[in-house]
Each structure stands twice: as structure tokens, then as C-alpha cells.
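The numbers here are math on the coordinates, done by the rules we state, and not lab data. Quantities reported herein were computed from a predicted structural model and do not represent experimental measurements. Please note: Cβ atoms are built from the backbone with ideal geometry, for glycine as well, and neighbour counts cover all protein chains shown.
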Amino acid sequence: MGFCRLEVLMSSEYAFGVAIPSEQAGGLSTLGDLSDCIWRKLGGSTQHCLVGSVFYRMRRAIAEVCGMRRSEIRPKTQMRRLRGNPRRIRRRLSELTGLALPGLEQPRWLKDLVGLDAVLATVGVCGALFTWRAFSCSTAAFIVVTSLVVSYAALLYASRPLANTWPDDCRTVGDAARVVLGLNVHELVATGAKPSRADVWRVVRGIVCDVGRMRPEEVTPETGYARGLG
């Protein structure tokens, strides 16, 4: 398992609005080196914690949207326990905070159903094409293929409103604040915000996880930057 070094570098440069020359990038041995390089380019702040700022901004909005006291909303508060419809909560949080939030996901059972329908549709299409070639039943094959494709598209469309589950990496409000920081760090830095060393590492780790399809526990500051594939 690995990640594309170039994609991680370019995504990190864009996220923080910095440029790392090729000769400097070539001297980075670990992901911690990459993170520290970006942190120093941003001024090496030790006074700010952007994830904390994002959390407090989200907490104020959650209190207003969900009718909860701020003291009830802690970093370990489960997102699924917020009062109200998740779709409405997400929309209002984005409006009140001015931040991009991660999209909601479909329940596990619905994902499995859509996946099963995709498999059945694929098998049906292959069977219809085989019948068409073997027995020249072009009309019947066309009807079968069209019906399967339409039914699958209809299921996908009908299931969209059922996406009302927070992603796995947003189980708690604290988790959500870290994800939201990663989604908005470019805009925050552009307005003059100075991320801490820990903030920069969280974002870099998130980028590596996305690019390499890796779990957060697999990515540490000691992970070799040369481990990337390409």
C-alpha cells in the first residue's frame, strides 16, 4: 500500500496556499518532514489552534440549530445524538459557520442494497448481451438492458434523500471539527489564520489518507515520504 507523493505534495500545497520547490521537496524523508516544512512556511505559529477555533464555531451553531446548551456540546459528543434531522442540521451549520461540511452518507443497509442492485444489473446486462450474440434476440436483449439500467438509475435517484448519516470519520463533534478544518484550511489560511503544527499535521494526514485510501492509524509523522508510489 502506498500513496502518490506528487498528489500528496500538490494537494498539500493547494490546501495551505504554499509552494515547495522541487529541490526542497526532494529532501523530505518523512511525512512529518513535509508537515513541518509547510508549518514553517506558514510562520511556525505555536499560539493558534485552528481545529479548536473550528470546534467553537461549530458549537455555537449547533447550540442554535439544535436548541442545546453549549455546555452539552463537547468534543466527544456524538454527532448522531444532535437533536434534529441530520440533513437540516448540516445545511444550517454550513450557513451559520460559513464552512464547508462533509456530505452525509446513506445507511449501511442501503449501500448494500444499491451495491447488490449494481451486481444484478451487471449480470443481467452481460446475460442479455450473450443472448443477443448467441440467438440474435436483439429486441429482447435491448429491452432487458434498458430495463436494468433504468431500474438501477431509479434506485440511485430515489435513495439520495435517504443519505442522512454522518460519515464514519465524523462520529463526534471533535472528529467533525477536524474533518471540517481539512475541508476549509485553504480559505482559513487565505484570510490570515495561522495553523499550529498539530493543525498542519492533521490536514496532511487527512490528505494522505484520502490519496492512499489509508486509515489514520496507518499514517504517522515517521511514515516515510519515499514510501509513496511515484
If amide H atoms are modeled at 1.01 Å from N in the peptide plane, then the residues at a separation of 5 or more from Thr172, or on another chain, having amide H under 5 Å from its own are Met79
So, with points 7 Å from each Cα along the Cβ direction, the Arg60-Cys126 label distance in nm works out to 5.6 nm
Scoring only Lys, Arg, Asp and Glu (+1, +1, -1, -1) among other residues with Cβ under 15 Å from the Cβ of Thr172 yields +4
Rounded to the nearest 0.05, FRET efficiency between Arg70 and Glu218 (Cβ-Cβ, R0 45 Å) equals 0.80
Residues other than Arg70 with Cβ under 13 Å of its Cβ, Lys/Arg counted +1 and Asp/Glu -1, net out at +3
